[in-house]
Amino acid sequence: MEKADASFTFIDRVEEIELNIDDGRWQSALALALTLPDICGGIAFPEVVKKYKNGRIMLDNEGKPARDTGRQYILWFDTYASGFFLKEPGDEDPYIDGEKCWQLRCEYLHQNKGFDNESDENEVHFHLGINCGSTVCSLDTESVKNGIENIRLDIRELCRRSCLAARAYYDKLKYEKDFDLYNTPVIDFLKWKEEQEPSKKSILILTEDRDYGKGLQLALKTPNVQTVFCAEWEEAKEKLRRRRPTVWIIDEAFIHTKVIKSALSKSEKVFVITGNEETDTSENRDIQTLPKAQGLKELRDRIRSLL
């Protein structure tokens, strides 16, 4: 995976729900949990599409058959998730089925308001809770009154069971179904910028010969390489601060000072400017000589090959 790719996979979504449950972030956990049948329904039942009354298939904006999201949602829940929503292992029916979960999903995600449990328009009234004192917090059947069913739902348990159902479906069919279709593409723009604009490499030129140093700085300058020239070590430390040069080019005058020790401790690419090729640098094999008389093209090629 590229550095800049921070995309969310299907399992990342499940894991985030579980983290929200652990942190007690109930709104986030419930919102994400209620989308799991949306995703799984589209994977399990792609043939379930919207149709006009005359049977003709509806098309979406791209000219493809439009998903019947509600039917896919309910079908997947009743087929693959209902077994995780039994109050007791021996129960025949779940305490919430696909149709009721679809209603909960629509009311919670799309109405932008709390549940209107005083209205007689809906046959099911949901009562969300936490710490309900039982594993599923479903009211008894005697709570059905005047044809209206009241269902009390513990958010933690609803989300936990939704994750179990989604994981079971994924584990069973991950090699047969394309879950990648429902990944959420996300870019880490800071890392993306780093990939697009590689960090600049740098050359430090430290020589008391100002004319030569400035000329060398100009000769080695490129858009992707920062070239710093200084005539004194204190000036170089001020300009560099905590940056480490990729290549050090230093004067013979500094070869027996702490400057060379600092250079060798931070880089193996250390050149000593010499008046001739006979200068002895045998004490340290990491030091290379750079004769002042060296041709410009040869000098450039030699330095740039190390960047």
| said: Step by step: first the residues of segment 144-179, then only those that are farther than 18 Å from GLU107 by Cβ and modelled with pLDDT under 85, then the one that is surrounded by the fewest Cβ atoms within 10 Å (Cβ to Cβ). Which residue is that? | reply: ASN146
| query | Given (1) touching a Leu at 6+ places or on another chain (Cβ under 6 Å); (2) assigned to a loop (DSSP other than H, G, I, E, B), where does ARG244 come up short, assuming only one miss? | reply | (1)
| query | Among the residues of segment 23-42, is there at least one that is loosely packed, with under 15 Cβ neighbours inside 10 Å and assigned to a helix (DSSP H, G or I)? | reply | yes
| message | Pairs please, first residue from segment 33-55 and within 15 Å of ALA168 (Cβ to Cβ), second anywhere and charged (D, E, K, R) and at pLDDT below 95, Cβ atoms under 7 Å, 6+ apart in sequence or on different chains. | response | ILE43/LYS177
| Restricting attention to segment 180-191, and to residues there that are loosely packed, with under 12 Cβ neighbours inside 10 Å and assigned to a helix (DSSP H, G or I), which single residue is modelled with the lowest pLDDT? | LEU190
| For THR222, which of the numbered conditions (1) farther than 16 Å from SER305 by Cβ; (2) in contact (Cβ under 8 Å) with a residue 12 or more places away in the chain fails to hold? | (1)
| task | Would you be able to say whether some residue in segment 73-80 is within 25 Å of LEU173 (Cβ to Cβ) and assigned to a loop (DSSP other than H, G, I, E, B)? | result | no
| Looking at (1) closer than 30 Å to ASP93 by Cβ; (2) modelled with pLDDT under 85, which is the one condition that is false for GLU194? | (1)
| note | Listed by first then second residue, the pairs whose first member lies in segment 122-136 and is modelled with pLDDT of 85 or more, whose partner is loosely packed, with under 14 Cβ neighbours inside 10 Å, with beta carbons under 7 Å and at least 6 positions apart or on separate chains, are HIS125/ASN117; HIS127/ASN117
| message | Looking at the structure I just gave you, is LEU204 on the phi < 0 side of the Ramachandran plot, part of a strand (DSSP E or B) and either at pLDDT 80 or above or out of contact with any strand residue (DSSP E or B) (no Cβ under 6 Å at 6 or more places or on another chain) (or both)? | response | yes
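I'm checking my understanding of the structure. Among residues of segment 47-78 that are among the small types (Gly, Ala, Ser) and surrounded by 11 or more Cβ atoms within 10 Å (Cβ to Cβ), which one is modelled with the lowest pLDDT?
The extreme case among them is ALA66.
The values are calculated or read from the model by the stated rules, or taken from the named source; none is laboratory data. All of these numbers come straight from a predicted model, not from anything done at the bench. Here Cβ is always computed from backbone atoms with ideal geometry, including for glycine, and neighbour counts include all displayed protein chains.
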